[in-house]
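Worksheet for the structure shown next.
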Amino acid sequence: MTVPQRRRAADASRPTLRDVAQHAQVSPMTVSRALREDAGVSAATRARVLDAVASLGYRPNEAARSLRLGRSDGLIGLVVTNLANPFYSQLALGLEAALADKGMRVMLGNTGEDPARERQLVHDFASRRLDGVVVVPASHDHRHLAPEALGGMPVVLAASPPVRIEVDAVLLDDFGGTWEATRQLIDSGHHRIAFLGLPAATWTGSERYRGYCAALEEAGIPIDERYSAYRQRDVATAERSTTRLLELPQPPTAIFAANNRNTIGAYRAIRARGADVTLAGFDDFELADLLGLPLRVVGYDPGELGREAARLLIDRIAAAARGQASRPQRVVIPTRIVEYG
């Protein structure tokens, strides 16, 4: 059985408003009025409806109902890997703003790039019966994020495509942005270009390294592992990795940093040594124009990821309310090259 088939089977097994009406021997309209505590429904009838709800385990989809009415009291979860990174705070602001337009609120969780913590947070959100969740995955194993594993809770992935599950996703053009920035460094005459990367287990880490390698190979430049450093998780480790690169017998003449933390760490090492090195990186960041050295960054709007994730989730909730099944969507946010200094 495919994932969509399992999802439809799970939806079919859930009790409906009509099931509650049949069990309580009233009309579906009466059930709806009783659940709204309509004064026109007698206490005895309401008690019979509530007994049927409890007996069948019925859960009204309040978010879907509210979307149909043009308002929402829904609560949406957001799970990110590192809230200290400005990228995730901007993503959260974009998501929150888009959901606020529908009267929906956001509950935030931070995994610290720990897959076990991610599982705990997501299942906690599901147990609280949130109306949906947006997740920035901490690993390539996404099976615990399948909606059928979360009681049917809709899921949207951000910054990573789904692996072994079928859900909506919003991504950055990680490959294209890195390829373009590296190609521009090559066009400027650089052949010894170092790469300060991210953990390979993440989509962004692997895609950005792939873009770097593709640009070098297309230019006929051999990939030299001496110029690659991985697993920088903060500014301090990126600074230490850059210092080691600058101490090579033939140090790089340019460095591409795979995210804003790596760029800042590389800048600190370059400035401390007074090295003549051109710096490029993925992610624009505040005060980048004040660093006082030539800097090329792969820019984009992180808030757009949040807004698109909200749109995908709202569409998924509304489709479920109509009993419609549709193929998961994938949205890619474009990047641009920004030059400073």
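Just so it is clear, none of the values below were taken in a lab; they were calculated from the coordinates. Keep in mind it's a predicted model, so treat the numbers as computed, not measured. For neighbour counting, all protein chains shown are included, and Cβ atoms are generated from backbone atoms with ideal geometry for every residue, glycine included.
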For Cα extents along the principal axes in Å, which listed value, [x] 70, 51, 50; [y] 85, 41, 29; [z] 89, 51, 45, comes from the coordinates shown?
[y]
Based on alpha-carbon centroids, what's the gap between the range 130-192 and the range 267-341 in Å, whole number please?
12
Given 109-119, 166-176, the highest-first ranking by average Cβ count within 10 Å works out to 166-176, 109-119
Lys/Arg Cβ at +1, Asp/Glu Cβ at -1, dipole of the range 174-299 taken about the Cα centre: which of Y230, G299, I193 is farthest positive-ward?
Y230
Let me spell out the model: positive unit charges on the Cβ of Lys and Arg, negative unit charges on the Cβ of Asp and Glu, origin at the Cα centre of the chain. What dipole size does that give, in debye rounded to 20?
1260
Hey, rough spin-label estimate for R233 and E166, points 7 angstrom out along Cα→Cβ, what's it come to in nanometres?
3.6
What is the helix-to-structure angle for 203-218, meaning the angle in degrees between its Cα long axis and the longest Cα principal axis of the chain, kept from 0 to 90 and rounded to the nearest 10?
40
Starting from the Cα of L108, step 7 Å along the direction of its Cβ; do the same at R327; then give the gap between the two resulting points in nm.
3.6
Counting only residues 5 or more apart in sequence or on a different chain, those whose built amide H sits under 5 Å from that of D173 are I333, T335
Compute the acute angle (0 to 90°) between the alpha-carbon long axis of helix 260-273 and the principal axis of greatest extent of the alpha-carbon atoms of the chain; round to the nearest 10°.
20
With x for Gly and Pro, the residue-by-residue ³J(HN,Hα) of the range 293-305, computed from phi through the Karplus equation 6.51 cos²θ - 1.76 cosθ + 1.60 at θ = phi - 60° and given in whole Hz, is 8, x, 9, 10, 10, 8, x, 5, 9, x, x, 5, 4
Dipole check, the chain, charges on Cβ (K,R +1; D,E -1), about Cα centroid: among L75, S89, Q324 the Cα furthest to the positive pole belongs to Q324
What length, rounded to one decimal in nm, is gained on full extension from R129 through to D187, with 0.36 nm per residue of separation minus their alpha-carbon distance?
15.6 nm
Calculate log10 I(q)/I(0) of the range 170-310 for q = 0.11, 0.14, 0.15, 0.19 Å⁻¹, where I(q) comes from the Debye formula with a single equal point scatterer on each Cα and nothing for solvent.
-0.36, -0.58, -0.67, -1.09
